[in-house]
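To start, the structure itself, in structure tokens.
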Amino acid sequence: MPLPQKESKYTYSDYLTWPKDEMWEIIEGVPYLQAAPSWEHQRILAQIGRQFINYFQGKPCETYLAPFDVRLPIGNENDEDTETIVQPDISIICDKSKLKGTGYFGVPTLIIEILSPSTAAFDKKIKVNKYRTAGVKEVWIIDPSNKILDVFKLLDDGKYGQPETYSAEDKVVVSNFPDLIVDLSSVFESRQSKI
């Protein structure tokens, strides 16, 4: 099958026909090919993911790690017609009835993105804006280079307020789950190889 062209609009039904060994996201019908994550990205994903997975054991919500398709519908859009499909690094899902096929058709309660140099601007501007318009209550943006976490919370006016910024020494209370405290020291811990 031919690869998607940026000048065309695509939906989830198109996305399902694309090569499975490539990671694509679609924002408002426009496809974006994602680069493979670095080892540092994967280590941070494992460390923070472990804390969320452990917390949600035996609870109604669940933690899903990428690759995991999140289809963000607009209005009464059908799943196959969805024009925004993203691959957050972590998605917290509390309405399990919307788990379908390759992921989730709906709005996660919390999304975590880990920045890479090649995707930082895309994640911080385009994707965070899509999460806001979809109604994601809380978005975490992890910047491995600077060892900081920005937490965006959805306000009553449908906008994200100024982000709360945390550093590697902090423990973060998750606003939607106040008894969940994430320790960033293990997330940002530096593991250099000794040669």
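Bear in mind that the values in this text are calculations on the coordinates, not laboratory data. Since the model is a prediction, treat every value here as computed from it, not as a measurement. Here the Cβ positions follow ideal geometry from the backbone for every residue, glycine too, while neighbour counts run over all protein chains shown.
In the stretch 118-151, how many are without any contact (Cβ under 8 Å) to a residue 12 or more places away in the chain and among the basic types (Lys, Arg)? The total comes to 1. Within the set 91, 13, 8, 38, the sole residue that is without any contact (Cβ under 8 Å) to a residue 24 or more places away in the chain and among the hydroxyl-bearing types (Ser, Thr, Tyr) turns out to be 8. The residue that is surrounded by the fewest Cβ atoms within 10 Å (Cβ to Cβ), among those in the stretch 91-124 that are of a type in the set (A, V, I, L, M) and within 21 Å of residue 32 (Cα to Cα), is 121. Looking at the stretch 87-195, the strands (runs of 3 or more DSSP E) lying wholly inside it that each contain 1 or more residues that are farther than 23 Å from residue 24 by Cβ and touching a Gly at 6+ places or on another chain (Cβ under 8 Å) sit at 148-153. Take the residues of the stretch 42-72 that are of a type in the set (S, T, N, Q) and assigned to a helix (DSSP H, G or I): which is nearest to the chain's Cα centre (by Cα)? In this case the residue turns out to be 42. Restricting to the stretch 152-168, name every residue that is among the aliphatic types (A, V, I, L, M) and either in contact with a helix residue (DSSP H, G or I) (Cβ under 8 Å, 6 or more places away or on another chain) or touching a residue at least 24 places away in the same chain (Cβ under 8 Å) (or both). 154, 168 - these are the residues of the stretch 152-168 that are among the aliphatic types (A, V, I, L, M) and either in contact with a helix residue (DSSP H, G or I) (Cβ under 8 Å, 6 or more places away or on another chain) or touching a residue at least 24 places away in the same chain (Cβ under 8 Å) (or both). Comparison of 167, 185, 116 shows that the only residue that is touching a Pro at 6+ places or on another chain (Cβ under 7 Å) and polar (S, T, N, Q) is 116.
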